[in-house]
Amino acid sequence: MSDHRPPIHPSAHSSAPPIHPSVYTGKAAPDAAVDRGWLLGHFKESGDPRHSEDVEIKWGVHPKGEERASWVRGESRTALQVLISGRFRLEFPGRSVVLADQGDYVVWGRGVDHSWYAEEDSVVLTVRWPSLPGYRTDEEPDDRPHDLPADHPQDRPHGHPADHPHDQSGRTSAPNPL
């Protein structure tokens, strides 16, 4: 015996009953375009099922050559980033990690400074927790904090040898996880 239920994404021609107000359906690309890529987090309106102070989720679509405008410093969240398509490099002090194959991912914890660069047109899914205000690039000062060393990766151009300890496979050769 089969169980017939209305589809989660009823079409415009469907006579399915409305979905419960605490269920939200959408499509990542158009929904992400509305809020700089973010699908879920503290920045969504209270009452919206996508509002959360516990976690943030981003569908990041990045053209080749795009890079973060400034380093995130003093990070107080944990993050997971998964490559959906393309080739995407994450920069950490003294180490780069290249996500090259679909499903490659990296996790970094609190206190880990970071930045990123799209080596090819890329789509990445980012999950961060908890969801905290104050990390928008356009809200961050461009000045390097006094406690960062002068050779901090933020001050070196892309392609600096110290920023790319990779073996020929494109994977990081650093033996210890972040």
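The values are calculated or read from the model by the stated rules, or taken from the named source; none is laboratory data. Since the model is a prediction, treat every value here as computed from it, not as a measurement. Glycine gets a Cβ as well: all are built from the backbone with ideal geometry, and neighbour counts include every protein chain shown.
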Checking the conditions here, which among SER96, SER76 is more than 30 Å from LYS27 (Cβ to Cβ), under 18 Å from the mean Cα position of the chain (by Cα) and at pLDDT 95 or above?
SER96
Pairs under 9 Å by beta carbon, first residue within 19 Å of PRO93 (Cα to Cα) in the range 109-132, partner of a type in the set (S, T, N, Q) and outside any strand (DSSP E or B), six or more apart or different chains?
ARG110/SER76; GLY111/SER76; ASP113/GLN154; SER115/SER70; SER115/GLN154
List the residue pairs whose Cβ atoms are under 8 Å apart, where the first residue sits in the range 54-71 and is under 18 Å from ASP35 (Cα atoms) and small (Gly, Ala, Ser), the second is in a loop (DSSP other than H, G, I, E, B) and modelled with pLDDT under 95, and the two are 6 or more positions apart or on different chains.
GLY60/GLY37; ALA69/GLU140
Hits in the range 56-83 (condition: in contact with a Lys or Arg (Cβ under 7 Å, 6 or more places away or on another chain) and not in a strand (DSSP E or B))
GLU75, SER76, ARG77
Output for Cβ contacts, cut-off 7 Å, separation at least six or different chains, first residue within 16 Å of LYS64 (Cβ to Cβ) in the range 83-96, second among the polar types (S, T, N, Q) and surrounded by fewer than 18 Cβ atoms within 10 Å (Cβ to Cβ), reads LEU83/GLN102; ILE84/GLN102; SER85/GLN102
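For (1) in contact with a Cys (Cβ under 7 Å, 6 or more places away or on another chain); (2) buried (at least 19 other Cβ atoms within 10 Å of the Cβ); (3) more than 18 Å from LEU132 (Cα to Cα), each residue gets a yes or a no:
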residue	(1), (2), (3)
VAL34	no, no, yes
HIS42	no, no, no
ARG50	no, no, no
LYS58	no, yes, no
GLY65	no, no, yes
ALA79	no, yes, no
VAL82	no, no, yes
VAL98	no, yes, yes
GLY109	no, no, no
